[in-house]
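The values are calculated or read from the model by the stated rules, or taken from the named source; none is laboratory data. Since this is a predicted model, take the numbers as computed values, not measurements. Please note: Cβ atoms are built from the backbone with ideal geometry, for glycine as well, and neighbour counts cover all protein chains shown.
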Amino acid sequence: MRGHRGSSRFTGESPLLWGARLALSATTGELLRDAGGLVVIAAHPGDEILGCAALIHGAVRAGLPVRVVCLTRGTAVAALQDDSTALSGLAPEAVLHCFDEREGMLPSGGRPFDLVAAKVAACIPEKAAVLLPWREEAHPDRQRSHAIGRAAMSEAHRALAYPLAARFQAAAPVPRAMRLLSAPPAAIAAKRRALGLLSTIPLEEIDGDVPPLSEHFLTQPEIFILD
């Protein structure tokens, strides 16, 4: 695991964003081809709105069942309620599972890790595509959420990772296989409405010179890494 949040330097011109300029575009249908549903693992309330809202919107429009598994309660008092409201507006049919772990306290191994992974596994239908926080995120919760999600998956599940703070992280490597979501205007508009319902943007570890966060995630394509 890397260090705690704030241990990495963030920049608006990260290797990941430079590498994304050369990545191929893909539609929701292409990213989720043959998937029997979509499950998004989120370390904090609102992570899925910030990083995956357009894909979630597209999956619901395509008739796929969507589940969001939020592993921690976040730091803001109203974070979980805001997340539920935002997700309901974005995808009314989506199911939100909240595990209510304390932020910064997700297990990294042993029996506690296995217990959380088993709870996540119970939320993942057969043949679903699973979106995970990227393993290279600086925040320990996102690193551990990736590991927990991976442990919960079977060989029948397809994995994609979504970068959040790592978009601005100077030390993050450039993945070999990235796809940029080609999202229609309706999906971006739905994401904008959902983001407007969050009282906080769940990227408090970023303190460097970055573009306004909400606008960045609305004007730049969602990035998915073939994990």
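Scanning the range 121-148 for residues that are in contact (Cβ under 8 Å) with a residue 40 or more places away in the chain, assigned to a helix (DSSP H, G or I) and either farther than 24 Å from R179 by Cβ or more than 15 Å from the chain's Cα centre (by Cα) (or both) yields a count of 3. When residues in the range 66-105 are screened for being in contact with a helix residue (DSSP H, G or I) (Cβ under 8 Å, 6 or more places away or on another chain), touching a residue at least 60 places away in the same chain (Cβ under 8 Å), of a type in the set (A, V, I, L, M, F, W, C) and farther than 13 Å from V120 by Cβ, 4 of them pass. Of the residues in the range 3-20, not one is in a loop (DSSP other than H, G, I, E, B), over 18 Å from H216 (Cα atoms), of a type in the set (D, E) and at pLDDT below 90. For the range 73-92, taking the residues that are outside any helix (DSSP H, G or I) and modelled with pLDDT under 95, the one that is surrounded by the fewest Cβ atoms within 10 Å (Cβ to Cβ) is identified as V77.
Please name all residue pairs, on different chains or six or more residues apart, with Cβ atoms under 6 Å, provided the first residue is in the range 179-196 and is free of Cβ contacts under 8 Å to residues at least 60 places away in the same chain and the second residue is surrounded by fewer than 17 Cβ atoms within 10 Å (Cβ to Cβ). Going by the 6 Å Cβ cut-off, the qualifying pairs are R192/L218. For A170, indicate whether it is touching a strand residue (DSSP E or B) at 6+ places or on another chain (Cβ under 6 Å) and surrounded by fewer than 17 Cβ atoms within 10 Å (Cβ to Cβ). Criteria met by A170.
The residue that is modelled with the lowest pLDDT, among those in the range 168-199 that are in a loop (DSSP other than H, G, I, E, B), out of contact with any Pro (no Cβ under 9 Å at 6 or more places or on another chain) and farther than 20 Å from A23 by Cα, is S199. Taken together, V60, V40 contain a single residue that is touching a Cys at 6+ places or on another chain (Cβ under 7 Å) and not aromatic (F, W, Y), which is V40.
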